[in-house]
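The values are calculated or read from the model by the stated rules, or taken from the named source; none is laboratory data. Nothing here was measured: the structure is a model prediction, and the numbers come from that model. We place every Cβ from the backbone using ideal geometry, glycine too, and count neighbours over all the protein chains shown.
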Amino acid sequence: MQVVNGPIRNQIGMNAGIFTLGPGNHANATIGRALRLFIHNLGGGRVVENIMGAQGNASAYSFCFPENEEDSPWEPFHVSEGRKRDESGITIFAGGWSHVGNYIFEGLEGIQKLSQAIALFESPNGVVILMSPAKAKKLSGLGFTKQDVEQRIWSSATITMKRFKESCYYRSLIGPDLRGPLKFGWPKEYLEKTDDQVIQAYPRKHVKVIVVGGEVADMMQGWKMAYPSTASIDKWR
């Protein structure tokens, strides 16, 4: 998933509003498609040779959009990540094979339902909540900052330790990380938890909210995305 922030969004005519995740905008589609071409032509990615997804995923084709900074009640994503507001940049997330939504016309109840759903994602190493401006404004009107919403989602996305350890990803990724250098962010005390104890499924730092879309519906959806990497565009212009 590619997320664009800053003045460049409007300068090249990207669509951050209605139907932003769908087709129809030249800039969104071109940037999203370019990444796939880079992987193929520069990285040597070849289906059946070294790209071995059993079914593949539509999000691997062209999943690029700008954040709707103008209609958001909160600071943009790149500002939350330590960048300047007038800086243009692109953030690339890894993941994308799980998705839940849409939670429409629900306030804090919707947050709770979404949290319960994403807690059951395979390999819960990161989640990005794509929130419409209307949903963000409703939560902001209740006094919530973006960080408050992320905290509530993280704290409510709970699972028993037994269910957590049953995942093949616990055996191959999470467990080794807990016993090793802790690169991904789960707390080491999880190793001491009993099977019936309830834990947060995600490391707190990997729960993100991005405001995107039009004002036509009060909705949000969650995507299994993690490990954001942001680069400035300004020095390449």
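Annotations for the structure displayed:
- Condition check for M1: in contact with a helix residue (DSSP H, G or I) (Cβ under 8 Å, 6 or more places away or on another chain) and aliphatic (A, V, I, L, M): yes
- Check on A27, in a helix (DSSP H, G or I) and touching a helix residue (DSSP H, G or I) at 6+ places or on another chain (Cβ under 9 Å): yes
- Within the stretch 146-178, considering residues that are under 21 Å from the mean Cα position of the chain (by Cα) and surrounded by fewer than 14 Cβ atoms within 10 Å (Cβ to Cβ), the one farthest from Y202 (Cα to Cα): Q147
- Long-range neighbours under 9 Å by Cβ, at least six apart or interchain, first residue within 22 Å of Y170 (Cα to Cα) within the stretch 104-122, second of a type outside the set (G, A, S) and loosely packed, with under 14 Cβ neighbours inside 10 Å: E122/C168
- Residue match in the stretch 73-91 (condition: surrounded by fewer than 13 Cβ atoms within 10 Å (Cβ to Cβ) and assigned to a helix (DSSP H, G or I)): no
- Elements of type strands (runs of 3 or more DSSP E) in the stretch 122-237, at least 1 residues being among the aromatic types (F, W, Y): 220-232
- When W186 is tested against (1) surrounded by 19 or more Cβ atoms within 10 Å (Cβ to Cβ); (2) modelled with pLDDT under 95; (3) touching a Ser or Thr at 6+ places or on another chain (Cβ under 9 Å), exactly one condition is not met: (3).
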